[in-house]
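Inspection log for the structure reproduced underneath, given as structure tokens.
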Amino acid sequence: MSILEGIQGVENLRNLDKPCYVMLDNDQITINNEGCAEVAKITAYVPPVMPEQLGDPQFKAFYGVKYAYMTGAMANGISSEELVISLGKRGMLASFGAGGLDLQRVELAIKKIQQALPNGPYVFNFIHNPSEPAIEQGTIDLYIKYSVHIIEAAAFFTLTPSLVYFRAKGLSKAADGSIEINNKIIGKVSRREVATVFMQPAPENVVNKLLAQGAITQEQAQLVMQVPMADDITVEADSGGHTDNRPLSVLLPSIIALRDEIQAQRQYPIEIRVGAGGGVGTPDAALACYMMGAAYVVTGSVNQSCIEAGASEHTRKLLAQAGMADVVMAPASDMFERGIKLQVLKKGTLFPMRAQKLYELYSTYNSLDEIPQTEIEKLEKQILQNSVETIWQQTVEFFQKRDPSIIEKAKKNPKKKMALVFRWYLGLSSRWSNAGVAGREFDYQIWSGPAMGAFNDWVAGTYLNDYKNRKVADIAEHLMYGAAYQHRIQVLKSQGLYLPAQYQRYIPVQPLI
């Protein structure tokens, strides 16, 4: 092993489109982009490595994008129209955070994004909504109505009729007999059993039900039984929001191996691609994903601190100050009754503790009437900041417009009513964070994973340390450019040559856009 001290021309490693030659001449070490006539003086060679070369080229071709990279959806419009459009105009794929939004809001987002990006690329999130199946189906109906052909399916445990319906409606036979897939699905998973259902064709019983309802044609029913439910699988590790906190280095190879097993059985004409997300906040992390075999990488938490994100300035400022350990799991609004949790920022907010208190009350008592009066008073004063009865009336008004059947069920089930009252706080807390509601700062629900802290450590001391300078496309370029640079460093290391520490990491010096 050689440590290259006192070298010249190390900046040439940043010229990613040119080869680098490490030359030794009378104890002087030089890195050039040009060769040397005296081959004996060449100690090491680094080929060109461009960001466009990282990942699976089929991913780029399939979606018509510049990089094997995408930004995942952050619900409630945090992954906003502006964010999607900004990346789309740079030829990068971004998913709009449709989860948690009403159908009218989603429809407006579709129109705005399609007007700005008539030829794409863009993705719309489709989150599983077990408590409101009508909203789930309504969202899919909107996507089909407006020809949204790429969706990112998240938080699914099993395949629902609405998801199968979307897939089937986009299938047809080409002149040569092959199957054309117009409705594309990127499945986000963190478990092998969920990955398995996305990698298989649609369940026969669901297909038959849709066929009997007249929702799909006989041909579509036949075709959807021949293709996998997803074109791409994003392996979601320790991410912000819904997560199983799985380590990526364990989960990704396992899902890739599963894909290979299913491909050997099914022999799909186009192999399902497997990407990686959760914990991707630095060039080193992105490169690690690619080196483990990821077809593409997905970023999330880091984009929420960008100026285009649908988050308030207070929230973005808190995120920019977060460390890797400043996150914690807290009860989720959409799956509250099941005890499902999501990962949120704990620094600068009391939301995690207050949300946990609500779940403890829900688990202990069967109705609001059973809760001791002293606890009710604390609940109304410290968390709800209003009477339980007022919150219930607001909940009724909300669901009368959204799905009246939910209120009817709650009137017959006191525990369901209690859950809805508690979900009022859990649901609005994320909206308070996005809108920057004054007086509710300590109740902000801010989804974030450890990647946010890693990103902040990486950009400390640079222009990106200031959250006001963070633009989503600029960060994407730095992550990809940095991953390619780190790849060149690894090539040098593989030849036994180690640069001094200050050259081994890519630092974002100035904007790339």
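Throughout, read-outs are computed from the coordinates displayed, never taken from laboratory work. Predicted model only: the values in this text are computed from it and were never measured. Cβ placement follows ideal geometry from the backbone for every residue including glycine, while neighbour counts extend to all protein chains displayed.
Observations
- Local electrostatic count, Ala454, Cβ distance below 14 Å [Lys/Arg +1, Asp/Glu -1]: -3
- Within straight-line reach of Lys317, meaning a Cα separation under 20 Å, sit the following lysines at least 8 residues removed in sequence or on another chain: Lys346, Lys347, Lys468, Lys471.
- Between the amide H of His242 and those of Gln343, distances stay under 5 Å, these residues lying 5 or more places away or on another chain, with hydrogens modeled in the peptide plane.
- With Cα atoms, 0 to 90° folded angle of helix 248-266 axis to the chain main axis: 80
- Placing a pseudo-label 7 Å from each Cα along the Cα-to-Cβ vector at Met324 and Asp17 gives an inter-label distance of 3.5 nm.
- Relative contact order (%) - criterion: Cα under 8 Å, at least six apart; region: region 323-445: 29
- Mean separation of Cα contacts under 8 Å (6+ apart) over length of the chain, as relative contact order %: 16
- Least to most buried among Ser312, Ser254 (fewest other Cβ within 10 Å first): Ser254, Ser312
- Label-to-label distance for Asp102 and Ile376 is 3.0 nm, based on points extended 7 Å past Cα in the beta-carbon direction.
- Packing order of peptides 143-151, 83-91, highest average first: 83-91, 143-151 (average count of other Cβ atoms within 10 Å over each peptide's residues).
- Options Gly293, Leu142, Thr30, ranked by Cα towards positive dipole end of the chain, top entry (Cβ charges): Leu142
- Computed helical MRE - 222 nm, the chain, DSSP H runs ≥ 4 contributing -39500 (n - 2.57), nearest 500: -13000 deg cm²/dmol
- Entry for region 53-311 at q = 0.07, 0.08, 0.11 Å⁻¹: log10 I(q)/I(0) = -0.21, -0.28, -0.55, Debye formula applied to identical alpha-carbon scatterers, no solvent contribution.
- Order of His487, His314 under a 10 Å beta carbon neighbour criterion, fewest first: His314, His487
- Listed pairs Lys145/Lys401; Lys145/Lys409; Lys209/Lys416; Lys209/Lys412 exceeding 24 Å between Cα atoms: Lys145/Lys409; Lys209/Lys416; Lys209/Lys412
- Region 53-311, relative contact order [Cα under 8 Å, separation at least 6], %: 19
- By average C-beta atoms within 10 angstrom, highest first, the peptides 279-290, 96-107: 279-290, 96-107
- Fraction of antiparallel bridges per DSSP, the chain only, in percent to nearest 5: 40
- Charge dipole of the chain (Cα centre as origin; +1 on each Lys and Arg Cβ, -1 on each Asp and Glu Cβ, all else neutral): 840 debye, rounded to the nearest 20.
- Highest to lowest packing among 67-79, 209-221, scored as the average C-beta count within 10 Å: 67-79, 209-221
- Among Val197, Ile407, Met329 the positive-end extreme of the charge dipole of the chain (Cβ point charges): Ile407
- By definition, a body whose alpha carbon gyration tensor gives a ≥ b ≥ c is oblate when a/c is 1.5 or more and a/b is not larger than b/c, and the chain fits this oblate description.
- Calculated FRET efficiency, Gln267 to Gln53, Cβ-Cβ distance, R0 = 25 Å: about 0.30 to the nearest 0.05.
- Cα lying deepest toward the dipole's positive end in the chain, options Leu499, Val164, Ala451, charges on Cβ: Val164
- Cα centre as origin, Lys/Arg/Asp/Glu Cβ charges: region 53-311 dipole, Debye: 340
- Per-residue extension of 0.36 nm, minus the Cα-Cα distance of Thr462 and Gln393, leaves a gain of 19.9 nm for this segment.
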